[in-house]
Amino acid sequence: MLIISSIISGLGLGAMYGLIALGFHVTYVVSNTVNFAQGSSMTLGAVLGYIFAVRMGWPLPLAVAMTLACCALFGLVVERFLVRPFVNRRSEAWLMATVAGGIVLDNAMLFTFGKEPRSFPSVLAAKPVSLFGAGVYPLQLVIPVVGLGIALVLHLALRHTYRGKALLAVVQNKDAARLMGINVRRTIALSFALSTVLAGLAGLLIAPLFNVNSEMGTLFGIKAFAVAILGGITSAWGVMLAGLLYGLIEALVTASLGSTYTQIVAFSVVILALVAMPHGLLGRAAVNKV
């Protein structure tokens with residue numbers, strides 16, 4: 001029973017890591033940059049969702065829509081003020097700028113929202129159901145489905161919509177895309193908005209299971225970046241697969257050895273996996289054209 005419960009819990013956690021890591025994937029393949037405030041974007045999604053849905057009493061669909069819109073706006077701000085100025089100067093300082101932006105956002109939420117965890121009620125996390133003799137919340141079953149569904153939608157959108165094809169064109173050759181009339185700057189900004197929306201959605205999904213607090217996304221962001229590297233940051237499916245595997249390892253180690261060993265074993269597995277597969281599970285080595 002414990003093993004089944006751990007597997008379901010691990011898949012749910014892994015899907016959350018995968019969603020946040022997909023944000024790293026999107027910005028990296030489009031602009032060769034990443035947003036290290038992804039963990040803070042997850043916190044922002046959970047906190048705003050709580051404020052709109054619980055504190056202000058908005059209908060859940062409206063609260064979710066407004067939360068994701070605010071997360072998208074944060075992504076645009078990060079790209080415009082914390083990434084673009086440094087990229088234009090061919091500087092790598094955007095690395096520290098996005099970290100600093102995340103810290104500023106975390107502290108802003110700490111001052112305005114407070115440090116005490118708050119319960120985010122959900123009908124999907126109110127009463128456990130029995131599955132193969134193990135008690136699990138319906139939300140734990142929904143989360144992996146949502147994560148894989150979003151990965152599939154993202155995959156299809158990139159290949160069958162105008163915006164998606166524009167993103168792929170920018171990935172392949174920015175200069176050629178610009179000559180074809182694609183607004184490269186706007187496309188890169190869109191990738192950052194999409195990345196923070198994915199993180200915000202992860203925060204909304206996980207909040208009823210972990211409660212909401214102003215620091216909840218920090219460790220999630222670190223783990224999601226590890227997942228992105230482990231999966232091969234250039235591969236969306238690799239990133240999601242790595243997220244699910246990482247979540248399973250965490251849950252099974254916690255169930256068998258205790259939480260004291262969870263991070264030790266999980267990150268050791270990541271290191272060993274990268275030694276064996278330097279480009280990640282489904283990543284590919286960069287091709288140098290001469």
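The values are calculated or read from the model by the stated rules, or taken from the named source; none is laboratory data. Since we're looking at a predicted model, the values are computed, not measured. Here the Cβ positions follow ideal geometry from the backbone for every residue, glycine too, while neighbour counts run over all protein chains shown. Note: accessible area is taken over every heavy atom of the protein model, side chains too, but ligands, DNA and RNA are not part of it. Shrake-Rupley method; radii C 1.70, N 1.55, O 1.52, S 1.80 Å.
Assorted remarks:
- Residue check for Phe132: farther than 15 Å from His25 by Cβ, in contact (Cβ under 8 Å) with a residue 60 or more places away in the chain and open to solvent by 40 Å² or more (accessible area, probe 1.4 Å): yes
- Ala166 fulfils the conditions (1) within 18 Å of Met42 (Cβ to Cβ); (2) open to solvent by less than 20 Å² (accessible area, probe 1.4 Å); (3) among the aliphatic types (A, V, I, L, M) except for a single criterion, (1).
- No other residue among Ser235, Ser214 is modelled with pLDDT under 95 and over 15 Å from the mean Cα position of the chain (by Cα) apart from Ser214.
- Yes/no for Arg186 being touching a residue at least 12 places away in the same chain (Cβ under 8 Å), in a helix (DSSP H, G or I), basic (Lys, Arg) and open to solvent by 30 Å² or more (accessible area, probe 1.4 Å): no
Yes/no per residue for (1) under 24 Å from Gly164 (Cβ atoms); (2) among the hydroxyl-bearing types (Ser, Thr, Tyr):
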{"site": "Ser191", "(1), (2)": "yes, yes"}
{"site": "Val197", "(1), (2)": "yes, no"}
{"site": "Ala202", "(1), (2)": "yes, no"}
{"site": "Val212", "(1), (2)": "no, no"}
{"site": "Leu219", "(1), (2)": "no, no"}
{"site": "Val227", "(1), (2)": "yes, no"}
{"site": "Ala236", "(1), (2)": "yes, no"}
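- Screening Gly280 with (1) in a loop (DSSP other than H, G, I, E, B); (2) at negative phi gives one miss only, at (2).
- Just so you know, in the stretch 126-182 the residues that are at pLDDT below 85 and polar (S, T, N, Q) include one that is farthest from Ser6 (Cα to Cα), and it is Asn173.
- Test: residue in the stretch 255-272 that is buried (at least 22 other Cβ atoms within 10 Å of the Cβ), small (Gly, Ala, Ser) and either touching a Gly at 6+ places or on another chain (Cβ under 8 Å) or in a loop (DSSP other than H, G, I, E, B) (or both): no
- From Leu11, Leu22, Leu60, residue being farther than 26 Å from Leu244 by Cβ, at pLDDT below 95 and either in contact with a Cys (Cβ under 9 Å, 6 or more places away or on another chain) or of a type outside the set (Lys, Arg) (or both): Leu60
Quick grid of which residues meet (1) part of a helix (DSSP H, G or I); (2) in contact with a Leu (Cβ under 9 Å, 6 or more places away or on another chain); (3) surrounded by 20 or more Cβ atoms within 10 Å (Cβ to Cβ):
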{"residue": "Phe52", "(1), (2), (3)": "yes, yes, yes"}
{"residue": "Phe74", "(1), (2), (3)": "yes, yes, yes"}
{"residue": "Pro85", "(1), (2), (3)": "yes, no, no"}
{"residue": "Gly102", "(1), (2), (3)": "yes, no, yes"}
{"residue": "Met109", "(1), (2), (3)": "yes, yes, yes"}
{"residue": "Pro121", "(1), (2), (3)": "no, no, no"}
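- Check on Ile222, open to solvent by 30 Å² or more (accessible area, probe 1.4 Å), under 12 Å from the mean Cα position of the chain (by Cα) and at pLDDT 90 or above: yes
- Against the conditions (1) open to solvent by less than 20 Å² (accessible area, probe 1.4 Å); (2) touching an Asp or Glu at 6+ places or on another chain (Cβ under 7 Å), Glu215 satisfies every one except (1).
To keep it simple, each residue is scored yes or no on (1) touching a Leu at 6+ places or on another chain (Cβ under 7 Å); (2) touching a residue at least 40 places away in the same chain (Cβ under 8 Å); (3) farther than 30 Å from Phe52 by Cβ.
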residue: Gly149; (1), (2), (3): no, no, no
residue: Ala169; (1), (2), (3): no, no, yes
residue: Leu179; (1), (2), (3): no, no, yes
residue: Ile206; (1), (2), (3): no, yes, no
residue: Ser214; (1), (2), (3): yes, yes, no
residue: Leu245; (1), (2), (3): no, yes, yes
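- Filter result for the condition that a residue is of a type outside the set (A, V, I, L, M, F, W, C), assigned to a helix (DSSP H, G or I) and under 15 Å from Ile7 (Cα atoms), over Gly238, Gly247: Gly247
- Test: residue in the stretch 34-43 that is of a type in the set (S, T, N, Q) and either open to solvent by 60 Å² or more (accessible area, probe 1.4 Å) or outside any helix (DSSP H, G or I) (or both): yes
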